[in-house]
Amino acid sequence: MNKNLLIVDDDFISRYVLKQTMARHGFKIYEAKDGQEAIDLIGKNDSIVMVSLDLNMPVMDGYTFLNTINKSGLGDRLKIFITSCTSESDFLHTANLIDLKLDNVVKYFEKPFDMGSFAICVLDECV
């Protein structure tokens, strides 16, 4: 069972809370502040198979990350869990994600979300 999770979020507190929660479940955690850092980490470390992805970030947002990672082929091994705040503009973006039919996006969690539910969902994908 591969328990390597990359947390991609520009908010330090969000990364910290998710890191603490998932580490208690035996996950090895990697962190990135934006999509570009995440792509660099995934490219260097093929043991990363799960990604917790915020959509609204500076430098490279989650939508650009998803497009880039999937076009490059690096996304083929990933299971992605979107963890993002939903604003009025996000509804359009969420619809765009559905239109993209990204097979590697497992679930969308709207912040704030229950950490226990997130952990169970990710653990279910590990087996």
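The values are calculated or read from the model by the stated rules, or taken from the named source; none is laboratory data. None of these values were measured; they are calculated from a predicted model. No Cβ is skipped: glycine too gets one built from the backbone with ideal geometry, and neighbour counts run over all protein chains shown.
For this structure, a couple of remarks:
- Pick from the stretch 24-56, criterion over 24 Å from Ile120 (Cβ atoms) and within 11 Å of the chain's Cα centre (by Cα), ranking: surrounded by the fewest Cβ atoms within 10 Å (Cβ to Cβ): Asp34
- Within the stretch 24-43, residues that are under 19 Å from Asn2 (Cα atoms) and without any contact (Cβ under 8 Å) to a residue 24 or more places away in the chain reach partners that are outside any helix (DSSP H, G or I) and not acidic (Asp, Glu) with beta carbons closer than 6 Å, at six or more positions or on different chains, in the pairs Gly26/Lys3.
- Hey, Asp76 without any contact (Cβ under 8 Å) to a residue 40 or more places away in the chain, surrounded by fewer than 23 Cβ atoms within 10 Å (Cβ to Cβ), of a type outside the set (A, V, I, L, M) and not in a helix (DSSP H, G or I) or not: no
- Out of Val49, Val106, Val127, sole residue that is under 15 Å from Leu5 (Cα atoms), modelled with pLDDT of 80 or more and out of contact with any Ser or Thr (no Cβ under 9 Å at 6 or more places or on another chain): Val49
- Scanning the stretch 1-23 for residues being part of a helix (DSSP H, G or I), touching a helix residue (DSSP H, G or I) at 6+ places or on another chain (Cβ under 8 Å) and either surrounded by fewer than 18 Cβ atoms within 10 Å (Cβ to Cβ) or without any contact (Cβ under 8 Å) to a residue 24 or more places away in the chain (or both) gives a total of 2.
- Residue within the stretch 52-73 that is in a strand (DSSP E or B) and at pLDDT 90 or above present: yes
- Taking the criterion of being more than 18 Å from Lys111 (Cα to Cα) and aromatic (Phe, Trp, Tyr), the residues of the stretch 1-59 that qualify are Phe27, Tyr30.
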